[in-house]
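Before I ask anything, let me first share the structure, which is written out below as structure tokens.
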Amino acid sequence: MRPVYFYFVVFSSALVSCVSSGKFKAMEQHAQQSDSLYTWSQRTLKSCQDANNDLVKQKLALQAQTNEMNQQLTATKENNTQMRKQLQTLSALSSAQSEIIKKSLDNMGAKDTYLRALQSALSRRDSANLATLMYLKAAMGNFGEQDVRIKLEKGTVTVDLSDKLLFSSDSNSYVVSDKAKGVLSRLARMLNDQPELEFVVEGHTDSVSYPTDVLPDNWDLSVKRATSVVRILQNEYHVSPIRMTAAGRGEYVTLAANDTPEGQAANRRTRIIILPQLDPLLKLLERRQGQAEAAEPAASTSTISGSN
């Protein structure tokens, strides 16, 4: 786009005597807009490439986990087969004892099925997180990384908003700036498009405190900053309050040392944590617990019968 713009300007200069000043300015403005669009497209492409690299890394990690689980499954099946063969040769065992061993082997097979289901649920969760990450990066792509940082961390998607963006660099303010509302509106649009997502808004500060009657310490400041963001999302952008949690972490969860201005600026942030979708995992755990409780009385009965 830049060479085209250059030749356009040269050509336009040669024809300036033949084109009216108004038309020339309009054409020049259109070329500048095209150049700006090119720059924005390059930034968006870079963001998408970064997200794609994250996806490739996650895919490789999941493939490695799958291979390991398959190896474990093969070894378990071979072990089960060997144990069944040995069981057939143990004619001295009573029928009750043999039944107990068979049930144990069946439980091992059920455990393998459970592990595969658990792995599948974890994979779906990771895929959902990656989709959310890419959606957020596309929605917030034209804001600099110094003000908006989106990443996947410990199984959750996080969005860090800088103190400078939200509160105009006033270290003791908890009033959200007008500039920040453009970011929050985009974030709210994404959250409203995915109503099943729940999230936490965390306020963070540096170690410097400016006590007042309203704000006795950084705990209060961090909480008020979190609740300020939550109220705007609810009242101005109609995000359901049922989905939101506001929390203040004060100065105690840092990104950098507080002994430099740069470190203090990094620590003054508001973090939005998109909570992972744990329903499939919880259902698996509940089903597993129910199976364990049902198996306990049966195991006790079999043991008593065997002892007789």
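None of the figures in this text is laboratory data; all of them are computed from the coordinates on show. What you see is a predicted model, and the numbers here were worked out from it, not measured in a lab. All Cβ positions, even for glycine, are placed from backbone atoms using ideal geometry, and neighbour counts span all protein chains on display.
What is the local net charge at Thr270, summed over the other residues whose Cβ is closer than 12 Å to its Cβ (Lys, Arg +1; Asp, Glu -1)?
Every neighbour counted, the sum reads +4.
A further question follows. Determine the alpha carbon to alpha carbon distance for each of Lys179/Lys224; Lys57/Lys77; Lys23/Lys137; Lys59/Lys151 and list only those over 28 Å.
With Cα atoms farther than 28 Å apart: Lys57/Lys77; Lys23/Lys137.
How would you rank Asp170, Asp50, Asp220, going from fewest to most other Cβ atoms within 10 Å of each one's own Cβ?
Asp170, Asp50, Asp220
Moving on to the next point. In what order do Asp163, Asp54, Asp206, Asp178 fall by count of nearby beta-carbon atoms within 10 Å, going from fewest to most?
Asp178, Asp54, Asp206, Asp163
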